[in-house]
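Chemist: Dropping a structure here in structure tokens format, bear with me for questions.
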Amino acid sequence: MNLDEILAGELRRLDEHSLRRRLKEVGGAQGRFLMLEGRRVLNFSGNDYLGLANHPALLQAARESMELYGLGSGASRLLSGTQTPHLALEKELAQWKNTEASLVFSSGYAAATGGIPALAGPGDVLFLDKLCHACLIDGARLSGGRIRIFPHGDLGRLEKLLASEQRRDPEARRWILTESVFSMDGDLADLPGLVELKEKYGAALVIDEAHAVGVFGPDGSGRIREEGLEGRVEVQMGTLSKAAGVAGGYLAGSTVLREYLVNRARSFVFSTAPPAALADATREALRLMGGEEGRQRLTRLRSLIEEARSLLGPWLRPGSGASPVFPVQVRDEAEAMRLCDWLLERGVYIPGIRYPTVPRKQARLRVSLSASHQPGDLVRLRELLEEAM
Ligand SMILES: *Cc1c(COP(=O)(O)O)cnc(C)c1O
């Protein structure tokens with residue numbers, strides 16, 4: 001078999017459909033500006049919503065932690081012991097989320113793809129919003145359960161599916177999986193509606209707060225707490241890699257849930273623990289979010305969101321505007337990538353988002369805001385978009 005020839009053929013096919021991805025080299029830290037392929041460009045591509053990824057306090061926390069705990073963690077936490085910062089972080093995450101317990105994974109992707117198949121199995125039914133992130137889809141697939149997709153945000157349709165699956169097999173366990181803030185559209189799920197449905201149909205609810213954390217809820221703890229629903233959501237999920245500015249993922253819920261996952265989530269059991277320094281840096285991020293500086297950053301982000309809503313309004317996909325994710329609708333893949341290149345030539349980087357991240361012919365530029373942006377940045381963006389469109 002000539003593997004390279006086969007793979008080159010596949011890449012050519014991606015090229016023909018404007019779906020080929022390429023890595024762009026960044027020679028420096030993430031922030032308002034990026035050194036992208038040797039040029040300094042205004043950056044609208046990150047999920048570092050509060051601008052913490054480079055915060056001196058987080059860097060300092062990581063340095064101090066490395067002095068005590070070294071860098072590599074040696075093995076899975078079940079093998080060579082669990083370093084104190086991970087346990088401390090899990091307690092603090094649980095407090096923040098107002099749950100009994102939490103468990104940290106090396107990424108949000110690992111939390112979903114390890115956690116979901118540990119909890120759900122063949123014979124179960126998993127209901128997913130059409131726009132669920134790949135990690136929820138992959139977790140659901142790995143479970144071996146029956147997957148039912150409901151149209152984005154359509155709780156009427158979800159209820160019909162729940163009812164029909166209940167008739168089909170009243171004994172099957174049912175899971176509803178969704179995000180509280182959608183990653184590529186920036187719109188919000190109807191959390192109270194979802195909780196009502198899951199209670200009516202005896203299902204369990206898994207909610208991914210990847211893009212809600214840091215931006216919504218008390219101390220940036222997310223939309224579930226903002227809505228006061230933490231006692232009615234079985235599994236809260238999220239990442240420490242976005243607004244928290246570090247890396248890692250978590251599942252939060254009951255003490256029993258945590259204990260069970262320690263035993264059964266394969267991405268936890270069979271994967272080396274993340275460096276303790278990341279846990280200590282994340283703890284610092286949680287402290288910042290709960291304090292005066294966090295509040296100031298959030299206020300700045302909120303006013304940027306408001307400004308973006310009025311400046312970018314005409315080009316946005318419907319439903320967006322409540323979160324820092326602003327999808328500028330283009331539709332055609334080739335055109336989206338041309339627009340991305342055109343903006344880049346003018347010193348502004350906004351990534352083009354295409355299938356399979358979003359459905360075909362729904363390509364877009366995904367503008368994401370950070371507290372480190374300045375109001376003039378959005379004015380510049382608006383001028384460029386006007387010229388381009
Ligand atoms: C980014 C993202 C994840 C994955 O988190 P990582 O820590 O980056 O692996 C999970 N869910 C959603 C909705 C995301 O956007």
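The values are calculated or read from the model by the stated rules, or taken from the named source; none is laboratory data. A quick note: this is a predicted structure, and the numbers were derived from the prediction, not measured. Methodologically, a virtual Cβ is constructed for each residue, glycine included, from the backbone with ideal geometry; neighbour enumeration extends over all protein chains shown. In case anyone asks, the SASA skips ligands and DNA or RNA and just uses the protein heavy atoms, side chains included. Shrake-Rupley method; radii C 1.70, N 1.55, O 1.52, S 1.80 Å.
Chemist: Quick check on the chain: helices-only [θ] at 222 nm, where DSSP H runs of length 4 and up contribute -39,500 (n - 2.57) each and the sum goes over total residues. Nearest 500, please.
Modeler: -13500 deg cm²/dmol
Chemist: Kirkwood Rh over Cα pairs of region 11-138 into Stokes-Einstein at 37 °C, 0.692 mPa s: D in µm²/s?
Modeler: Value of D from the Cα-based Kirkwood radius: 172 µm²/s.
Chemist: Something else: Just to confirm my numbers, what's the Cα centroid distance between region 46-67 and region 193-235 in Å?
Modeler: 27
Chemist: Another question about this same structure. Whenever you get a sec, line up HIS152, HIS211, HIS17 from highest to lowest accessible area (probe 1.4 Å, protein heavy atoms).
Modeler: HIS17, HIS152, HIS211
Chemist: While we're looking at this one, here's another question. Using the Kirkwood radius over Cα pairs, work out the Stokes-Einstein diffusion coefficient for region 248-389 at 37 °C and 0.692 mPa s, in µm²/s as a whole number.
Modeler: 182
Chemist: Any chance you could list P(r) for region 49-91, counting all Cα-Cα pairs in 10 angstrom bins from zero, rounded to whole %?
Modeler: Final binned percentages: 23, 46, 27, 4.
Chemist: Additional query: Semi-axes, largest first, in whole Å: what does sqrt of 5 times each Cα gyration tensor eigenvalue give for region 290-362?
Modeler: Equivalent ellipsoid of region 290-362: 27, 14, 12 Å, largest first.
Chemist: What is the sum of charges, Lys and Arg at +1 and Asp and Glu at -1, for the other residues whose Cβ falls under 11 Å from the Cβ of LEU119?
Modeler: Result for the local shell: 0.
Chemist: What is the Å³ per residue value for the convex hull set by the Cα atoms of the chain?
Modeler: Once divided by residue count, the hull of the chain is 159 Å³.
Chemist: What stretch of the chain, leaving out the sites themselves, is the longest with no GluC sites (Glu not before Pro) in a DSSP loop having at most 14 other Cβ atoms within 10 Å?
Modeler: With a cap of 14 other Cβ atoms within 10 Å, the longest stretch comes to 172-389.
Chemist: Among VAL246, VAL26, VAL262, which one shows the biggest mean-square fluctuation in a GNM of the chain, springs joining Cα atoms closer than 10 Å?
Modeler: VAL26
Chemist: Here's something else I'd like to know. Of SER368, SER241, which has the most accessible area and how do the rest follow, probe 1.4 Å?
Modeler: Heavy-atom accessible area, descending, gives SER241, SER368.
Chemist: Bins of 5 Å, beginning at zero and ending with the bin holding the largest distance: percent of Cα pairs per bin for region 163-300, please.
Modeler: Bin by bin from 0 Å, the calculated values are 2, 9, 16, 19, 19, 16, 10, 5, 2, 1, 0.
Chemist: Please sort by residue number the trypsin sites (Lys or Arg not before Pro) in region 306-388 whose DSSP state is loop and whose Cβ has at most 16 other Cβ atoms within 10 Å.
Modeler: In loop regions of region 306-388 (DSSP not H, G, I, E or B), the sparsely surrounded trypsin sites (Lys or Arg not before Pro) are ARG346, ARG360, LYS361.
Chemist: Going toward the positive end of the dipole of region 289-389, with +1 on Lys and Arg Cβ and -1 on Asp and Glu Cβ, which of PRO359, ALA308, GLY376 do you reach last?
Modeler: Positive-end residue among those listed: PRO359.
Chemist: Would you mind telling me which residue in ALA118, ALA265, ALA163 has the biggest mean-square fluctuation in a Gaussian network model of the chain, where springs connect alpha carbons within a distance under 10 angstrom?
Modeler: Per the Cα network of the chain with a 10 Å cutoff, ALA163 tops the list.
Chemist: Shifting gears a bit: Around LEU14, what is the net charge, scoring Lys/Arg as +1 and Asp/Glu as -1 over all other residues with Cβ under 15 Å from its Cβ?
Modeler: Taking every Cβ under 15 Å from that of LEU14, the sum is +3.
Chemist: Give me the 1.4 Å probe accessible area per residue for the chain, excluding ligands and nucleic acids, in Å².
Modeler: Heavy-atom accessible area per residue stands at 45 Å².
Chemist: While we're on this one: Treating only the Cα positions of region 235-310 as identical point scatterers, give the base-10 log of I(q)/I(0) from the Debye formula at each q in 0.13, 0.16, 0.20, 0.21 Å⁻¹.
Modeler: -0.56, -0.76, -0.98, -1.03
Chemist: How big is the Kirkwood radius of region 174-232, worked out from every pair of different alpha carbons and given in Å to one decimal?
Modeler: 11.5
Chemist: Sticking with this structure for a sec: Could you work out the relative contact order of the chain? I mean the mean sequence separation of Cα pairs under 8 Å and 6+ apart, divided by the number of residues, in percent.
Modeler: 23
Chemist: Out of all DSSP beta bridges with both ends in the chain, state the antiparallel percent to the nearest 5.
Modeler: 55
Chemist: Shifting gears a bit: Taking 35 Å as R0, compute the FRET efficiency from the Cβ-Cβ separation of ARG287 and ARG309 and round it to 0.05.
Modeler: Efficiency computed from Cβ-Cβ geometry: 0.70.
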